[in-house]
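What follows is a single structure, written as structure tokens, with notes after it.
Values in this text are rule-based calculations from the coordinates and carry no lab data. Computed from a prediction, not measured in an experiment: that's the story for all the values here. Here Cβ is always computed from backbone atoms with ideal geometry, including for glycine, and neighbour counts include all displayed protein chains.
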Amino acid sequence: MSEQKLQSQTVQTTGHAWDGDLQEYNNPLPAWWVYTFYATVIFSIVYWIIYPSWPIGKNWIGGVSKITYVNSEGETKTHSWNTRALLLKDLNKAAVEQKPYFDKVSAMSYEQIAKDPEMNGFILSSGKTLFADNCAPCHQAGGQGMVGFFPNLTDDDWLYGGSFDAIHTTLTGGRRGYMPSFNEVLEGGQIDQLANYVASLSGIQHDGAKAAAGNALFHGNAAACYVCHGSDAKGRKEIGAPNLTDNIWLWADVPATEAQGKVAVIRGVIANGLNKGVMPAWADRLSPEQIKVLTVYVHELGGGQ
């Protein structure tokens, strides 16, 4: 083998040596890796010039790239490129595109909107977005609610009424449900009797003798439950008192409880009362058109009234 070929196959060293035979190899990086590194450096410099980058005092390098859009008031806005400006552009584009539909919503009655196929499509898409942004955190994404906390909006049971006007009133002004605690008003045995009577209204297994005594308490002055829930126990929508005869449960998680524990769950609600049925008012948070869209959307979720 020639001397030149032998030298080409020999690993090069830096020339540093320790203890006579301990040497430092010189293994250069592959050319493709070096060129890639140079390319990333060039790319970063170009990026710093085009887009916002380094902070300078209380400001930053704004870059030469700009975002321009027309807002819903017809004003042209220009910002340095950044993700917030990009979001504003997308939001304003959507607002401009939807404005004619919101104008139609404002001019039409609820009944007209419900009968217009084109508007129904707009309500479905826009209402779903509004619901997801504002209502879903409590009522869940599909409107099914959560027993013990937030009403189910997909059934045909409406605490305050399911008409367009009732739903609009709920959204605009909010609601605050309340039920007093009976712990300090009734004895433990009487609360048991009331719980058995309420269970009997929905066909739940109960003690007949206690239910009979609970019936008298319900319609008498001692408990006076009929004042809110009505003498027929079917509730009063004007104050949000629920129907106790339809086996639809909001505050007591009866469906998820074993048979022997259902009366106990009802007893807990009667004994402790309720002060958590609070829904905020949306009049100051959403525009009248958005509330109108949400009204129709929620109305259709539960079939309305």
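Return a whole-number percent for the relative contact order of the chain, with Cα pairs under 8 Å and 6 or more residues apart as the contact set.
18 percent
Where does the stretch 221-304 land on Rg(C-alpha)/(2.2 N^0.38 Å)?
It is 1.40.
How about the stretch 209-292: which GluC sites (Glu not before Pro) there are in a DSSP loop, with at most 10 other Cβ atoms within 10 Å of their Cβ?
Filter output for the stretch 209-292: 238, 258.
Give the range of the longest stretch in the chain that excludes all trypsin sites (Lys or Arg not before Pro) found in loop regions by DSSP and having at most 11 other beta-carbon atoms within 10 Å.
By the stated rule (loop sites, at most 11 other Cβ atoms within 10 Å), 59-284.
Once you sort the root eigenvalues of the Cα gyration tensor of the stretch 66-132 as a ≥ b ≥ c, which label holds: rounded (a/c under 1.5), prolate (a/b larger than b/c) or oblate (the other case)?
Verdict is prolate for the stretch 66-132.
Treat the count of other C-beta atoms within 10 Å as a stand-in for reagent exposure and order 138, 225 from fewest to most.
With the fewest neighbours first, 138, 225 line up as 138, 225.
Most exposed first by the Cβ proxy, i.e. fewest other Cβ within 10 Å, how do 13, 169 rank?
Fewest-to-most ranking of 13, 169: 13, 169.
Helix-only mean residue ellipticity at 222 nm, the chain, DSSP H runs n ≥ 4 weighted -39,500 (n - 2.57), per residue, nearest 500. What is it?
-15000 deg cm²/dmol
So which aspartates and glutamates pass the test for residue 99, namely a Cα distance under 20 Å, with those fewer than 8 places away in the same chain ruled out?
73, 75, 90, 116, 118, 133, 284, 289
Just one of [x] 21.8; [y] 24.9; [z] 25.8 is Kirkwood radius over Cα pairs in Å calculated from these coordinates, so which is it?
It is the value labelled [z].
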